[in-house]
Structures are given as C-alpha cells and as structure tokens.
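Encoded as structure tokens, the structure appears first; notes follow it.
The values are calculated or read from the model by the stated rules, or taken from the named source; none is laboratory data. Since the structure is predicted, the reported quantities are computational estimates derived from the model, not experimental observations. Positions of Cβ are generated from backbone atoms using ideal geometry, with glycine treated the same way; all protein chains shown enter the neighbour counts.
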Amino acid sequence: MSAQLQSHPGPWVYPLAARPCCCAFSALFSELAQTKLSWGWLSMLHPHFPIASDPLWAERSPDHLLLNHSFRVLADSGTEIAIVLDGSGSIDPEDFERAKAFIYNMMKAFYEKCFECDFALVQYGSDIRTEFNLQDSWNANATLQNVQNITQLCNVTKTASAIQHVLDSIFNESQGSQKNAAKIMVVLTDGEIFLDPMNLTTVINSPKMARIDRYAIGVGKAFNKPNALSELRLIASDPDESHLFRVTNYSALDGLLSTLQQKIIAIEGTAGDVTEYELAQTGFSAQILDKQHILVGAVGAYDWSGGVLLYDWVTKIATFLNESKEAKEAKYGYLGYSVAVVNAQDGAWYVAGAPQHSMTGKVLVFKKDGSKQILQGDQVGSYFGSELCSVDVNQDEETDYLLVGAPLYHIHGEEGRVYVYQLKVKTLASNGFFSCVGHLSVQAPSAFARFGFTVASIGDINKDGYVDVAVGAPLEDRLLDSSTFGSIYIYNGDKNGIRSTFSQRIRAAEVAPGLQYFGQSIDGGFDFTDDSLIDITVGSFGNVTVLRSRPVVRFDVTMRFTPERIFIFHNNSIITAEFPIYLSCLHIFLNFVLLQPCDYDCFSSITLKVSYQLSNSNENMDHPAPMLDIYQEPEAYFQVPYKKDCNNKAICAANLTLRSQTQKKLVVGDTKELTMDISLVNSGDDSYMTTMVLKYPRNLQFKKMIPKPSSTVIHCDQPKLFAHLLSCMGCKIGHPIFRKTAVSQMSVSTITMQDPFSLIYLFVCRPTPVVYVNVSQGHSENKEFQFNINGENRFRAQIELEILVPIRIQGHSITRMKNVTGTQASNEVQCQCVHCVITSDRENITVIAELPLTDSQQILKDRTDLLVTGEITFNKHLYEGLKEENHRAEITVVLLKTQVINTLPVVIGSSVGGFLLLAFIIFILFKVNIFVDMVTSTCHSCWLRSQ
C-alpha cells in the first residue's frame, strides 16, 4: 500500500508589516495637471473628512464623472458647432486643402479646450453633403481623420441651400442635437452665391434660425463687391465686428484661430446661477485604463451633480460624461464619487457611482453603443455607489461581476453592504447588462462597521485560478476599542463566481496595536516579498500595512493495493495503519482505518479513509507556514474490493428467475388457508446477499415457510408492517452467496384473519312494499319509490343499484321517468332502468315517477299489479357477496279501477220526493192546528156555562 501526494503553492493573507506612509499621485497627474482646460485645473482632492477625528468622511461630498475617448453620452447642454464649407469650383484644390487644414486645427484646438463641444461639417458645391454629424464627432480622433478625408465637390455655390440643410438635418434632435445646447454656425466661403435655388434672406429669417449664433468667414477679393459683402453680412449675426471675418487668401486663415477660440469658447463661466466646472474637483476618484487613458471623477461639476472625465495622454483630449443637468434629482448626487471600467464583449464600459442621487444612491453604466444602464440603491442614506469594483473572476479578460459598496447601509447602525451584480452575456436582444445576484455575507455584522467602504480585486491569492476580493470595514470594533479598530474580509472566487461567505477576516488588533481605520483603503495584485505569491496592502490612519500571502497546499491522494482484491474474508476485521511521509518541510501523517460493517453487508468493497493535516513546528517571517486549502476536505476515501467469481468480469451479472404458484381463487374471510409455492433459479453469475421480499395484504397472517429438500438455505425474518394495508417479510436466499445454477424452492402458508372485511355484505330493502294508486279519477300523480341499502363495504367496492320501473303496458304509457340510462322490455310490459353507483355502506335511493292516468283506464283491469325492482350488482371476479338473496327488493304498485255511477236522476228524484213529503207534512200540521183551535174554543164555552 502506498500513497502519492502533490502540493500546489498558493497564498493566504498573512501580516508582514505596518509602516507609516505618505503618498501622492503627483507623478500620475503631473501631465494632466499641466493642461488647463475650460473647466479649471485638475487637482488632488482631500477626502472631505477631519483627519484628527474620523478619516472616513463625515460627509464626503463628491460625485463621479465618466469619460470615454471613443464615445460620449452628453448632458442636455454643451456647445454644438456646425461648419459650412464652400467646396465650389471657384476654389483651387490647393486652397481647398488649406481650408481643410484650417478646420482641422480649429476643431483640434476646440477639442482640447472644450470637452462639451460637438462638431458637424457640411460641404456644398454641386451637391449638399454632410461629411459628419454631431454624433459622429463624439470620437475626436475619428472626426479629425474625417476632415482630412474630405474631397471637393466643385461646381456651383449654393450657400443658402447649405445653411438650410444645417437647419433641417444638423440642428435636429433626431440627429443627436441637444435641445438646450448652445448652437453655433461657421460659414467659410470664397464668394457670391451662384445658381442657388433658395433665397438667402428667407433662410436667415427662418424661425429655425432663432438662438443660432452665426460666424461668417470670407476669403479673397470677391467680397470687395457690394453684393458679395452684403451676403456675407447677412450670414453673420450681429454685431458684424465680432461675427464677420475677412482674409485675403486661404493661407491667412490660421490667423483667425485664436480670435475664433476667444469668441466661441469661454475660459470659465457659469450657466446663470448654476456653477459648472469651477468646483468640479476633478480627480476625486481615478481609474487607469491603460498607458494612454485615465478615467477620473469630477464630483463637483454642475452644482455637485458630478460627472466623469476620460483623458487621453497622447491626444491631450478629454471627454466629459454626466447626467442631464436639467434632472433635478441629479443635483448634489455626487456622480463620479467612484469610477470603474468594465471589459465587455463589445468593448469598454465606464461605470460611475452617485451615492447621494435620489437619496438612495445610483450607479450609471455607460456602454459602448451610447446606451446606459442604471443600478438603483434600495435604502435611503446607504451611500450606494460610493465604492465600485469590477472583477474578472475567471481571468479571461472579460469582466464577470461588478461589486457596489453601500457602507452606510443600516439595519441597527451603518453595518454596510456590498451588492454583487453579474454581467449577463450579450444576446441578440441585448448588448449585455448587469443583474443583481445578491450581496456579500458577513456572519455577524458589526454595528457602525461601514462594511463596503472599500472593495478591491486583489488577484488570485490562493492560486486556484480565480480572482479574489477584499472588502474593508474600517470602523469595525471601534465601539469595543477606540485605539485599535477596523477589519478586512477576504472573499474567494471559484468556477461559480464569487463566494458569498468570507474565507478570512483580518482584524486590526491581529496585525498591530494602535491601527485605526484599518481597511479604509485596499489594493493587491503585487508581489512585494518576491516569493511568487500575491500580497495586498491595507491602509489605515497614518499607516500602510503589507499583508503577506501564505502558501496554500492541496493534496491529490492516490493509493495502490497489493493484491488488488481480497481473496479471503475474515469477519469483523479492522486494520489500522499509520505512517509518516516527508515532503520538503512538511510533516504529514496519514491514518488508514478499515471499516468492515459485516453484520449487514459482507461483500461490498472495504472503505479506507485517509485523513491528513499539517504540523507547523515554528513560525518564520521569512518563510510563512503553509496551510491546507479550506475548500478541500482533508480526507480521502478508497475502496478495496473482494475477489468474486464472475468469469473475469468486472461486475457480476446474476440472472434470477422467480416463479410462484397458488390456488386460483381466494375469498378473504371465506378461504381459511392460502399456500404459495415459490421457486427462485439463478442461471447467471453468483448472486451475493440475495434477498427475496414477500408482500401480502394485512388481512393475511403468515403461518409457516417450508423449504424443499433440494433447496438452498433459506432464512426468513419476522413479518412486519410495510405500508397501508400491506405486510412484508424478507427471506435471505443462500446467504452469503447464491451460486449460479442454484435453485431455491419453498412453500409459504398463510391463514386469513377472522374479520371478513374484504367481503361484500350488503342488502336491499324497501320501506313501503306496496303502493296503491286509484286510477279512476284519471289525474296524473307523482309517486316515490325508495330503496335502502345497508351492510358492510369496507374496501369501497363499486356497487351498482339497478332499479327497473314499468313505463308502458300494451304500448300505452303509464309512467314517465328522467335520467334514464337504459331500458328493458318484455312482451307486454316495458320498463326503464335507473343505475346508481354506490361505494358506501349505507345509502337511500329515491326514484320519483309521474303516473299520467288520463288514458289508462281502457287498458287497465279493476286491479293491475306492477313491480318496481331494485337489485345490487358488482364485479364478482374480485368480490364475493354474502346472502345474495338479500341483493334484490321489489315494490308492488297496485292500480285500482272502480265503477262510475250516473247520480243525476237520483238527485233529481230525491229532490222532487223531498218537496212532496215536505208539502204533505205542512198540510198535516195546518190541519192539526185548526182542530186545536176548535177544541180550545169549545172548552171555553163549557166553562162559561158552568159559571
């Protein structure tokens, strides 16, 4: 057994020294400072924080400007100069070249003095031709080259048409003209208008000419004529003394350069009450692009709206970039507070931060195509954009991420935050853009730490091929110790980007006592110690600390085994081996532990675990102690396989065939015992640790397993619950090896549990067995036929209740039904069938039928009996029913017809007889009353006589 180790050097941050430092950018800005531009002097700006108290800025009030030598996105201001060049045939080719040289020198001088000047050039002759427009002039070098490439048109002199062309096609917003920009027209001609279809007076008095300052330059003796001089004066704005110039020939044009520059470009100035560049504080932030270009911020430009300046060391041309000064939210935004350069697929992008823009902060990304992207802060007062850092993680010379610092981001008190934006690749629909993918994490952010005050790309310090990042928190631990405070955090890059959690935190107290504001500036990528490892520098108040990298060791561990496979197996074997390996100055211990869990797996490969660590005996400042890579586990696993009989194949391939046989029909609850004959045959390679699992319903109870005499050894475990309504039992077949050509046979017997819950035990009844209907009246009636289902259906088998209702007798309708699913008919009675699907144990089904009895009397007897039947049906292949005689119920409908008697004669006869009887009774009573009166009178007379 042997091990091979490989080590790869890499760095880890290690404090080397902390020394006082006093540095300046005098060499860097010496040449730039010597160039006096129209906005003032370039200067190194103090960072606006009190040195004696808090160097981190109480209110750092700058903003950034963005520059680009190849393009500009200008504010809604500046100066637009349109040059109208006479290219008619009256000008000699040599004089035309002198005119081109004059325009070249004029534009070059203006570019050097005015970085907000844009040019357009129109030549006229036989045609009116735009040589370049305002947008083309954003590239100064290319524009000057275009001047030299101009060819003369010759022929006629269409001065008025050329001026009108400038009004229509140059000073037009669709062509790049800015609405509020100062507009200047310079006309260079050698004589009187000739064959021009347009009238000069009409053109000059056009409403489009308002707010355009015109300069006219006449060359030659042609302007001694009154008409030519009158045209020249009409072209020039008033007063003529400052807008009209005459020279005798084209060679004398260079004498006008100084005069034109003084007339057109102010040395310094303001726009009303708004300061422009006199407080620009150019150089507040800086980024060196290459040997030719530098990008600096000018936070104070335009009332502290700010901007960015790109300066070309070779051409001495500066380009200014800022947000529109008309945007109210841009005022005091401090654009240019930080600057960064992004290397995208289509070229360089320039990024500037405005930490006070809209109170939440903003970052502007100026792209190659002239468009821009805005990254907006999400918390008021967080100072989002005060620090920018572009990172090329995979070192392919294209930027992968943009880190944006917000050091005043507050949860409990200005903890700070660093946002991570990923550069999405260019597609057909987009030129690429930044997308926020999260922020760098600090496990326990310290209140008032101002994490993200500085962010720096420090190179690949751990030598894994990916660039790493350092973030400063210069006020961390200040509340605990005001004499020593500040920290930096190291975040490593990998193939997936920048790790969101830090790998190392370096506190000021760990470096040297007395360091204050440790981490207020960070830089890296240099090898100060000449050990091929990258070091970083960290600034603090009055000191610069160089942190030296420690080598990072990575091990690639390999092992060889002799013999390669284990032939003999010993149960419960544990082998431990330990031996030292010396590699240079490293003392490495390797521990090998053989783990053999034979209780459940005796044929899987044996696993060896190799763990290692570094033992550092002393600390040497000249040779910092190496360390292991924290992202690599200090252990490795290897497997030792067993020798198996697989016909020299790497993997054994058993061919197992399982067959079973049992009685065809099982009625759970009725069948008392079930026997299954199982046969397992191996016709392939040896099968190791073969196990058969038998699953069966829980209402079956395992009884016994009887192996056949010729079978291999079989051991079955106790049955156990497997899943809902299932039990399982595992049987080990021929353990540990089920040899090829081996046969395993067994008989498994089970008994059914006494609870016959898999049977269907349902019955149908009818609450009203007989329903009587009198059909003599001939009216329609609605009758209800109710069937009740009761019993047990625990498996929720699908049961159908089929109800047959008679609807016709001898072709005559006697009932009407709805929702009919089928019909059944006999010779005399036709029925409709209603189907109801039931899965429950109890259900009440009611069928309502309408009996239209109007025309039924002629076909009905005095008594007609009809049967309404209900019957249960189910799949008898799967379920067994008990007491099937109860699966059918009948309701008898008795239709009664009574004889109809005509009662009208009886009523009339009875009425007449009654009247006659009544008259006879009255007559008798009348007679009786007279007789009484007579008797009474006779008795009275007798009484009188007796007296």
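Observations on the model:
- Which numbered condition residue 341 fails, given (1) modelled with pLDDT under 95; (2) closer than 19 Å to residue 440 by Cα: (2)
- Of the strands (runs of 3 or more DSSP E) lying entirely inside region 707-752, those containing at least 2 residues that are of a type outside the set (S, T, N, Q), at pLDDT 80 or above and surrounded by fewer than 18 Cβ atoms within 10 Å (Cβ to Cβ) are 720-723, 726-733.
- The one condition from (1) under 24 Å from residue 136 (Cα atoms); (2) touching a Lys or Arg at 6+ places or on another chain (Cβ under 9 Å); (3) modelled with pLDDT under 95; (4) of a type outside the set (Gly, Ala, Ser) that residue 229 does not meet is (1).
- Check on residue 700, closer than 23 Å to residue 877 by Cα, exposed (fewer than 15 other Cβ atoms within 10 Å of the Cβ) and either not charged (D, E, K, R) or not assigned by TED's automatic domain parsing to the domain that holds residue 740 (or both): no
- Failed item, numbered, when residue 248 is tested on (1) modelled with pLDDT of 80 or more; (2) β-branched (Val, Ile, Thr); (3) surrounded by fewer than 20 Cβ atoms within 10 Å (Cβ to Cβ); (4) over 30 Å from residue 228 (Cβ atoms): (4)
- Pairs meeting the criteria (first residue in region 132-148 and within 10 Å of residue 107 (Cβ to Cβ) and at pLDDT below 85, second residue of a type in the set (S, T, N, Q) and crowded, with 19+ Cβ neighbours inside 10 Å, beta carbons under 8 Å, at least 6 apart or on different chains) are 137/143; 140/319.
- Search result, residues across region 170-198 that are free of Cβ contacts under 8 Å to residues at least 40 places away in the same chain and not in a loop (DSSP other than H, G, I, E, B): 173, 174
- Evaluated against (1) more than 27 Å from residue 285 (Cα to Cα); (2) within 26 Å of the chain's Cα centre (by Cα); (3) charged (D, E, K, R), residue 464 falls short on exactly one condition, (2).
- Put simply, of 238, 312, 303 the only residue that is acidic (Asp, Glu) and closer than 30 Å to residue 391 by Cβ is 312.
- Checking residue 755 against (1) closer than 30 Å to residue 874 by Cα; (2) in a loop (DSSP other than H, G, I, E, B); (3) at pLDDT 75 or above, the condition it does not meet: (3)
- Within region 378-399, the set of residues being surrounded by 19 or more Cβ atoms within 10 Å (Cβ to Cβ), in a loop (DSSP other than H, G, I, E, B) and touching a Gly at 6+ places or on another chain (Cβ under 9 Å) comprises 382, 383, 385, 386, 393.
- Scanning region 873-906 for residues that are at pLDDT 70 or above, surrounded by 10 or more Cβ atoms within 10 Å (Cβ to Cβ) and of a type outside the set (D, E, K, R) yields a count of 16.
- Within region 532-545, restricting attention to residues that are part of a strand (DSSP E or B) and under 41 Å from the mean Cα position of the chain (by Cα), the residue that is farthest from residue 478 (Cα to Cα) is 535.
- Any chance residue 487 is touching a residue at least 24 places away in the same chain (Cβ under 8 Å), surrounded by fewer than 18 Cβ atoms within 10 Å (Cβ to Cβ) and in contact with a Gly (Cβ under 8 Å, 6 or more places away or on another chain): no
- Evaluated against (1) modelled with pLDDT of 90 or more; (2) in contact with an Asp or Glu (Cβ under 7 Å, 6 or more places away or on another chain), residue 222 falls short on exactly one condition, (1).
- Qualifying residues in region 424-449 (those that are modelled with pLDDT under 85 and aliphatic (A, V, I, L, M)) - the one surrounded by the most Cβ atoms within 10 Å (Cβ to Cβ): 425
- With respect to the conditions (1) in contact with a Leu (Cβ under 7 Å, 6 or more places away or on another chain); (2) among the hydrophobic types (A, V, I, L, M, F, W, C); (3) part of a strand (DSSP E or B), residue 488 falls short on a single one, namely (1).
- Count - residues of region 232-245 that are under 16 Å from residue 256 (Cβ atoms), modelled with pLDDT of 90 or more and of a type outside the set (Gly, Ala, Ser): 5
- Residue within region 407-423 that is surrounded by 18 or more Cβ atoms within 10 Å (Cβ to Cβ), touching a Leu at 6+ places or on another chain (Cβ under 8 Å), closer than 30 Å to residue 632 by Cβ and acidic (Asp, Glu) present: no
- Considering only residues in region 848-863 that are surrounded by fewer than 19 Cβ atoms within 10 Å (Cβ to Cβ) and at pLDDT 80 or above, the one that is nearest to residue 809 (Cα to Cα) turns out to be 863.
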